[in-house]
Each structure stands twice: as C-alpha cells, then as structure tokens.
1. Does G100 fit the bill of being over 30 Å from G15 (Cβ atoms) and of a type outside the set (A, V, I, L, M)?
2. Answer yes or no as to whether G100 is part of a loop (DSSP other than H, G, I, E, B), in contact (Cβ under 8 Å) with a residue 12 or more places away in the chain and not aliphatic (A, V, I, L, M).
3. Considering only residues that are in a strand (DSSP E or B) and either surrounded by 15 or more Cβ atoms within 10 Å (Cβ to Cβ) or among the small types (G, A, S) (or both), which ones fall in the range 110-120?
4. Going through the range 121-142 one residue at a time, which ones are under 13 Å from the mean Cα position of the chain (by Cα) and outside any strand (DSSP E or B)?
Amino acid sequence: MSEPEPEIVDGLVKGAERLIRTSERPLSRVVVRSGEASVEMEWPSVPQAAVVVEPVLAVPDESRAFVRAPMVGTFYRAPEPGADPFVRSGDLVELGAQIGILEAMKIMNPIQADVEGIVSEVLVPDGTQVEYDQPLVAIEPVGS
C-alpha cells in the first residue's frame with residue numbers, strides 16, 4: 001500500500017480537529033477516513049468525577065429565533081478587525097439587518113436577520129469556524 005498524499009492527510013487531520021472542537025461532549029476516539037487513508041485518535045477515558053453535566057431543557061426554547069449559518073465558513077461579527085460588531089446583546093434588529101459576515105472560499109457573505117427583534121445572545125465568537133445550519137445569533141422576536 002502506498003503512502004497517502006500529504007494534502008489528504010492534512011484534510012483528514014483538519015476534519016478530525018473540527019469534530020473534536022464541535023462535539024457537544026468529550027470524545028474518547030475519533031476516526032476519519034478518505035479512501036484507504038485514515039486518521040485515528042484515541043484518549044484514555046475521562047474519570048467520572050471530571051465529567052461536566054449540563055442541564056437539558058425538556059421543552060425547546062421557542063421564545064427565541066435563531067439566525068443560522070447558511071453554509072460552512074468563518075463567522076465574523078464585525079466588518080473588519082477592530083471595528084464595532086454588527087450587533088450586540090440587547091440591540092434591536094430589523095428584518096434583513098446585517099448581523100455578521102460568513103467567509104467561505106475567500107468570499108465574504110453578509111448574514112442577515114430573518115426576524116425582527118432584540119438580540120438576546122451572540123452564540124459564536126468572532127473568527128470562529130461554523131458548520132451549516134449552526135445557530136449564530138439568538139433573537140427574541142417582537143411584533144406579530
């Protein structure tokens with residue numbers, strides 16, 4: 001069997017890193033494969049006392065709307081480094097107001113609010129890699 005191309009291995013490692021970063025709970029093993037190439041990572045099990053349990057709401061929070069990522073990319077809260085963010089918690093946003101930028105394949109895509117309301121929480125830090133349909137900003141809708 002021949003050695004896989006370095007680009008394939010780099011892609012596999014980045015895919016594994018993305019899985020680790022976005023996992024909602026600690027992982028003990030990750031395997032990412034592309035054809036015959038694979039990257040496998042395994043950690044010793046976490047002691048039970050070290051496990052952090054977060055409360056889970058039985059009823060989904062329907063009082064808030066979420067502006068979601070329309071694609072995979074890097075989320076930016078401001079038009080340029082050092083500038084004020086498009087929105088902050090407590091801001092009133094109108095339908096269609098820009099709340100951020102999503103960079104995908106070197107293209108800057110404006111992200112707009114699809115509901116009018118008060119920003120209750122910005123869920124993603126500036127410069128964060130996000131996945132498709134990931135909630136970016138929580139908005140408490142106003143009006144009907």
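All of the numbers you see were taken from the coordinates with simple rules; none came from a lab. Computed from a predicted structure; not experimentally measured. When we count neighbours, we look across all protein chains shown, and the Cβ atoms used for this are built from the backbone with ideal geometry, even at glycine.
1. No; evaluated as a whole, the condition is false for this residue.
2. It is false that G100 is part of a loop (DSSP other than H, G, I, E, B), in contact (Cβ under 8 Å) with a residue 12 or more places away in the chain and not aliphatic (A, V, I, L, M).
3. Correct list: I111, Q112, G117, I118, V119, S120.
4. If the condition is that a residue be under 13 Å from the mean Cα position of the chain (by Cα) and outside any strand (DSSP E or B), then L123, V124, P125, D126, G127, E131, Y132, D133, Q134 are the ones that fit.
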